[in-house]
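This report concerns only the one structure given below.
The values are calculated or read from the model by the stated rules, or taken from the named source; none is laboratory data. Since we're looking at a predicted model, the values are computed, not measured. When we count neighbours, we look across all protein chains shown, and the Cβ atoms used for this are built from the backbone with ideal geometry, even at glycine.
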Amino acid sequence: MATDTLVTISLGKEKQAAMDRFLAKGFPTNKWEEWKYASLKSLNDVDWNWNTSEAPAATPLLAIETALHVQTLNGKFSVHSALPQGIEILEFDAFAQQNPNFIAGWIHRNPILEQNSLYDLNEALTSSHQVIWVKAGTILDRPILHQYVADVSIASAIQSKVLIYLEKGASLTWVDDLSTLSSSESILSNYVQEIWVEEAAQLTFVKTQDFALKTTHIDHTFIFQQGNSQVDMFTFSINGGFVRNNLHFYVDGENVLSNLNGLYVPGNNEFIDSHTVVDHRKPNCESNELYKGVLLGNSTGVFNGKIFVRPDAQKTNAFQSCKNVLASDKATMNTKPQLEIWADDVKCSHGTTTGQLSDEALFYMRSRGISEEAAKTLLMLAFVQQVIDKVEIPELRDSISNRVVAKIQQALGV
């Protein structure tokens, strides 16, 4: 069993407790309610290397001329740009020494979700826990590009964790460009981001995922928002054998705006699973959720979106939409939108649709001399462009469009 070697790893007291929780639960299977459409039981059959070594510096898939550049390579974090005033990147222990009050509240509020054994595994094995600390009132006019890369020569399990802390009135654009350069070896990528957005702070977070077919990537993103803050979140899942995104928003202040945008384009033998939670705890807040998927070949997609409106969260506006196109008769999409409302003065809606390309639109385009492959590509790109166009960085927006078009054209044999 792959987990047998974990028992022999020497850990400190807190990390050992997290390891014990993971070993008690094991890898998720479809017997768990939150994993009913997926199972990672097969990971037990892989002889994982749990201590990944450093690899040569990698060339990013994405280039943003104006961006500051940081990198996580096989779980090891490094800074490649000089940082402006008002932002620090430091180890978690050093951050904790300078911010004992925040850490005390963080430990109290930090949710350890049931059936989240991979969070426990990350907690146990992450060796380099970085904090991106944006000081009060700091407005960064340049995005930070975080290149997350796995590049291994043997089957490896990689753990990585980042804490992003925006103090009062701070503003940050953070871009995660995640990829695997190793296509022949199995990789388990287990990535955690915990994000704290304090009073009147603003965060734009764009995540692009472009993994090899033998990569299993589990992505945990927890975002805590205080009053008058705004977060614009984008998740673009373009390639990957097995990709699971756990995105959780905790709205813990008044007049908060939370925008969740997602796009997934799984192809042959690919599985992309999007689980979102928006937990409204305070009144006078708004969340908008728009996810779109194009499913190619024999791919499988999952969307499970939950909205909670707590009793104190009166005058909440919460909207959720998931729309999908099955571009193949072999593709499968599973959707489960959920609303749980305990307040009576709210405006909430959720809905999901799954269908195929319009025969009428295809006929119209074909009648004007456009080839069938080109017509399908244009229709699918037009369907997802609504999400892509919300990205304000031109190089990033173009890169996402180009990668999506390339994926569709490959599936169509163009």
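Among the listed residues 208, 204, which satisfies the condition of being buried (at least 21 other Cβ atoms within 10 Å of the Cβ), within 25 Å of residue 395 (Cα to Cα) and not small (Gly, Ala, Ser)?
The unique qualifying residue is 208.
Of all residues being among the small types (Gly, Ala, Ser) and more than 21 Å from residue 134 (Cα to Cα) in the stretch 62-80, which is nearest to the chain's Cα centre (by Cα)? Just the residue, please.
75
Can you find a residue in the stretch 223-237 that is among the charged types (D, E, K, R), assigned to a strand (DSSP E or B) and crowded, with 23+ Cβ neighbours inside 10 Å?
Taking every residue of the stretch 223-237 in turn, none turns out to be among the charged types (D, E, K, R), assigned to a strand (DSSP E or B) and crowded, with 23+ Cβ neighbours inside 10 Å.
Search the stretch 389-409 for residues being under 17 Å from residue 266 (Cβ atoms) and touching a helix residue (DSSP H, G or I) at 6+ places or on another chain (Cβ under 9 Å), and hand back the single one that is surrounded by the fewest Cβ atoms within 10 Å (Cβ to Cβ).
Filtering first and then ranking leaves 409.
Could you figure out which of (1) surrounded by fewer than 19 Cβ atoms within 10 Å (Cβ to Cβ); (2) within 20 Å of residue 240 (Cβ to Cβ) isn't true of residue 141?
Going through the list (1) surrounded by fewer than 19 Cβ atoms within 10 Å (Cβ to Cβ); (2) within 20 Å of residue 240 (Cβ to Cβ), residue 141 breaks only (2).
Name the residue, out of 358, 399, 321, that is closer than 21 Å to residue 290 by Cβ, hydroxyl-bearing (Ser, Thr, Tyr) and in contact (Cβ under 8 Å) with a residue 60 or more places away in the chain.
Going through 358, 399, 321 in turn, just one is closer than 21 Å to residue 290 by Cβ, hydroxyl-bearing (Ser, Thr, Tyr) and in contact (Cβ under 8 Å) with a residue 60 or more places away in the chain: 399.
Is one or more of the residues making up the stretch 26-43 of a type outside the set (S, T, N, Q), outside any loop (DSSP other than H, G, I, E, B) and modelled with pLDDT under 90?
yes
Find the residue count for the stretch 261-284, including only residues that are in contact with a Ser or Thr (Cβ under 8 Å, 6 or more places away or on another chain), assigned to a strand (DSSP E or B) and buried (at least 24 other Cβ atoms within 10 Å of the Cβ).
Counting residues in the stretch 261-284 that are in contact with a Ser or Thr (Cβ under 8 Å, 6 or more places away or on another chain), assigned to a strand (DSSP E or B) and buried (at least 24 other Cβ atoms within 10 Å of the Cβ) gives 7.
In the stretch 175-194, which residues are out of contact with any helix residue (DSSP H, G or I) (no Cβ under 7 Å at 6 or more places or on another chain), surrounded by fewer than 24 Cβ atoms within 10 Å (Cβ to Cβ) and hydrophobic (A, V, I, L, M, F, W, C)?
Scanning the stretch 175-194 gives a single hit, 181.
Any residue in the stretch 343-354 that's farther than 21 Å from residue 255 by Cβ: show its pairings with residues that are surrounded by 11 or more Cβ atoms within 10 Å (Cβ to Cβ) and hydroxyl-bearing (Ser, Thr, Tyr) at Cβ separation under 6 Å, as long as the two are six or more apart or on different chains.
351/321; 352/335
Take the residues of the stretch 2-32 that are exposed (fewer than 13 other Cβ atoms within 10 Å of the Cβ) and among the aliphatic types (A, V, I, L, M): which is nearest to residue 120 (Cα to Cα)?
This residue is 24.
Just to be sure before I move on: is residue 406 within 30 Å of residue 254 (Cα to Cα) and out of contact with any Gly (no Cβ under 8 Å at 6 or more places or on another chain) in the structure I sent?
no
Could you tell me which of the residues 375, 361 is surrounded by fewer than 16 Cβ atoms within 10 Å (Cβ to Cβ), farther than 21 Å from residue 208 by Cα and at pLDDT below 95?
None of the others qualify; the one that does is 361.
I'd like the full set of residues that are farther than 17 Å from residue 295 by Cα and of a type outside the set (A, V, I, L, M, F, W, C), limited to the stretch 361-383.
364, 366, 367, 368, 369, 371, 372
Conditions (1) under 21 Å from the mean Cα position of the chain (by Cα); (2) among the aliphatic types (A, V, I, L, M); (3) surrounded by 16 or more Cβ atoms within 10 Å (Cβ to Cβ), marked per residue:
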{"site": "293", "(1), (2), (3)": "yes, no, yes"}
{"site": "299", "(1), (2), (3)": "yes, no, yes"}
{"site": "303", "(1), (2), (3)": "yes, no, yes"}
{"site": "312", "(1), (2), (3)": "no, no, no"}
{"site": "324", "(1), (2), (3)": "yes, no, yes"}
{"site": "329", "(1), (2), (3)": "no, no, no"}
{"site": "357", "(1), (2), (3)": "no, yes, yes"}
